[in-house]
Amino acid sequence: MKIAVTPVTPFHQNCSIIWCERTLHGAVIDPGGDVDAIRRAVTENGVTVDKILLTHAHIDHAGAAEQLSQEFDVSIEGPHLEDQFWIDTLPQQSQRFGFPPARAFTPARWLTQGDEVTFGDERMEVYHCPGHTPGHVIFFHRTAKLAFVGDVLFKGSVGRTDFPRGDHATLIRSITEYLWPLGNDVAFVPGHGPMSTFGEERQSNPFVADQLND
């Protein structure tokens, strides 16, 4: 699997273009905006986009999902059904944060714990990790030992939980029960900022380091 990360929107959200090296078929994860930059990354890497994948439905992650799904004539998969209310408010979110107008939509496929998503010869596991939003999911490529975690976990921090239906205790439980068992050597692309590994965060993250639970 190959990956190109393109920061988009004024929030510098990490939109990931991922693809199968053999077939060049792939997916776009969390297209929050800056459609021209996403298109350019897709074209430069020769990727045929098969689907849009969403970790959650905040505007900086999902704002351009409907537009790109129509342009590429592909379906949207994710997030979990519990984020429907966030999708329904995308037009209001775009106005509130000064984003280009965003359209609400219904994903072709809601995702939940134990699902898989595929592109080309590749497949990724889906884990439902609520807390930042109730319908947040993460994507894990077991062979590449790479996870796309949206706003669940960051290098040195964790996702905000002060939005509607956010919950800090639930977020911490999602991280420790679903992310840590995947392995310390798993690298992850967060929704914002630099990559890290689960092992590094277990050692040094001031919110979820192992010593906090000793």
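Here, each number is a calculation from the coordinates, and none is a lab measurement. Given the structure is predicted, the values throughout are model-derived calculations rather than measurements. A quick note on method: Cβ atoms are made from the backbone with ideal geometry, for glycine too, and the neighbour counts reach across all protein chains shown.
Odds and ends about this structure:
- Spin-label zone in region 76-95 - amide nitrogen under 19 Å from a point set 7 Å from the Cα of Gln113 along the C-beta vector: 78-84
- Fewest neighbouring Cβ atoms within 10 Å first, the residues Val152, Val35 line up as Val35, Val152.
- Cβ crowding within 10 Å, taken as a proxy for footprinting-reagent exposure, orders Cys15, Cys20, Cys129 from fewest neighbours to most as Cys20, Cys15, Cys129.
- Residue list for region 171-192, given a label point 7 angstrom along the Cα-to-Cβ vector of Ile3 and an amide N cut-off under 19 Å: 175-176, 178-192
- Look at the Cα gyration tensor of region 1-107: its axes a ≥ b ≥ c give a/c of at least 1.5 with a/b over b/c, and that counts as prolate.
- By definition, a body whose alpha carbon gyration tensor gives a ≥ b ≥ c is oblate when a/c is 1.5 or more and a/b is not larger than b/c, and region 94-214 fits this oblate description.
- Expected 222 nm ellipticity per residue - DSSP helices of 4 or more, -39500 (n - 2.57), all of the chain, to 500: -5500 deg cm²/dmol
- Put in line by how crowded their Cβ is, counting other Cβ atoms within 10 Å and starting with the fewest, His192, His136 read His192, His136.
- Cleavage-rule hits, trypsin sites (Lys or Arg not before Pro), region 78-127, DSSP coil, Cβ neighbours within 10 Å at most 15: Arg103
- For the chain, radius of gyration divided by Kirkwood radius, i.e. Rg to Rh on alpha-carbons: 0.94
- Using the Cβ-Cβ distance between Asp162 and Gln92 with R0 set to 22 Å, the FRET efficiency works out to roughly 0.80.
- Taking Gly26, Gly131, Gly199 in turn, the Gaussian network model of the chain (Cα-Cα springs below 10 Å) assigns the largest fluctuation to Gly199.
- One chain, two ends: Met195 and Ala37. Fully extended at 0.36 nm per residue, the span grows by 54.9 nm beyond their Cα-Cα distance.
- Prolate/oblate/rounded call for region 49-132, Cα gyration tensor, a/c under 1.5 rounded: oblate
- Cα centroid separation, region 141-160 to region 63-139 (Å): 16 Å
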